[in-house]
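*Asks:* Questions regarding the structure given below will be posed in turn.
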Amino acid sequence: MSTTTPEPFGVLTAVAVPLDRPNVDTDQIVPARFLRQPRSAGYQNFLFRDLREADPGFPLGQLAYRDARILVAADNFGCGSSREAAVWALAGSGLRAWIAPSFGDIFFENSFKNGALAITLPRDRVAALRLQLTATPGATLTIDLAAQTVIGPDGQADPFDIDPFRKACLLEGVDEIALTLKHEAAIAAHEERQRRETPWLALSRDS
């Protein structure tokens, strides 16, 4: 679960970086040997460490994509083990959204829990976006969360689906903890009423 409050997500127009590799797992995003580090160590420092070292041309190491806030990936991005640190590393590097034909299920959930937007689009369209971004390094995409559209460098607008609850949290800039704390007074009132009406339950908990 995120320990920081995410920024509200409205309309994001930003440089997008293409990653033309299917089945990028969470161990590739953050190699396992770094997982003992505290989050304060800056997980962005470990992002794609092995892939960067093995490939001097790795996209996220290129100057043109230095300010990227959107990642356009291939099939099954974020598969593998359930390490939330993969999302920490991506978000810590400045990325706020990732687009792919499909994601690992747990990675997909962790994205939203940390205030990031994971978007699925048809495989052919995602491939076309990667080609455009590769052909013109530094090109931008626009993501309009309220309208649920992605606008590519070619001007084409593609709709995407998102769960209404997740959309509302991203638009407002709250995570599940912050959303719960909004109801703190009602929760306290409920607990007090329960203590009055069923005092034996409180006694059993305290014993």
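The values are calculated or read from the model by the stated rules, or taken from the named source; none is laboratory data. For clarity, every value in this text was computed on a predicted model and none was experimentally measured. Counting neighbours? That spans all protein chains shown, and the Cβs are built from the backbone with ideal geometry, glycine included. In case anyone asks, the SASA skips ligands and DNA or RNA and just uses the protein heavy atoms, side chains included. Shrake-Rupley method; radii C 1.70, N 1.55, O 1.52, S 1.80 Å.
*Asks:* Give the angle, between 0 and 90 degrees and rounded to the nearest 10, that separates the Cα long axis of helix 123-135 from the longest principal axis of the Cα atoms of the chain.
*Replies:* 60
*Asks:* While we're here: For Arg52 and Ala147 in the same chain, what is the full-extension length gain: residue separation times 0.36 nm, less their Cα-Cα distance, in nm?
*Replies:* Stretched out fully, the Arg52 to Ala147 stretch lengthens by 30.7 nm.
*Asks:* Explain nothing, just compute: Karplus ³J(HN,Hα) = 6.51 cos²θ - 1.76 cosθ + 1.60, θ = phi - 60°, for every residue of the stretch 88-96 in order, whole Hz, x for Gly and Pro.
*Replies:* Using θ = phi - 60°, the values come out as 4, 5, 5, 5, x, 7, x, 6, 10 Hz.
*Asks:* Which order do Trp88, Trp98 take by accessible area at a 1.4 Å probe, largest first?
*Replies:* Solvent-accessible surface, decreasing: Trp88, Trp98.
*Asks:* Next up: If you rank Leu63, Leu47 by how much accessible surface each has, with a 1.4 Å probe, what is the order from largest down?
*Replies:* Leu63, Leu47
*Asks:* Right, another one. Tell me the angle of helix 184-197 to the major Cα principal axis of the chain, expressed in degrees between 0 and 90 and rounded to the nearest ten.
*Replies:* Tilt of helix 184-197: around 30 degrees.
*Asks:* Continuing with this model, one more query. Lys and Arg at +1, Asp and Glu at -1: add these up for the other residues within a Cβ distance under 15 Å of Gly94 and post the number.
*Replies:* After counting each charged neighbour, the total is +1.
*Asks:* If I model a spin label as a point 7 Å beyond the Cα along the Cα-Cβ vector, how far apart are those points for Gln44 and Ser81 in nm?
*Replies:* Roughly 2.4 nm, to one decimal.
*Asks:* Where does each of Glu53, Glu109 land when they are ordered by accessible area, with a 1.4 Å probe and the largest first?
*Replies:* Descending accessible area places them as Glu53, Glu109.
*Asks:* Moving on. Rounded to two decimals, what is Rg over Rh for the stretch 1-118 when you use alpha-carbon atoms and the Kirkwood radius?
*Replies:* 0.92
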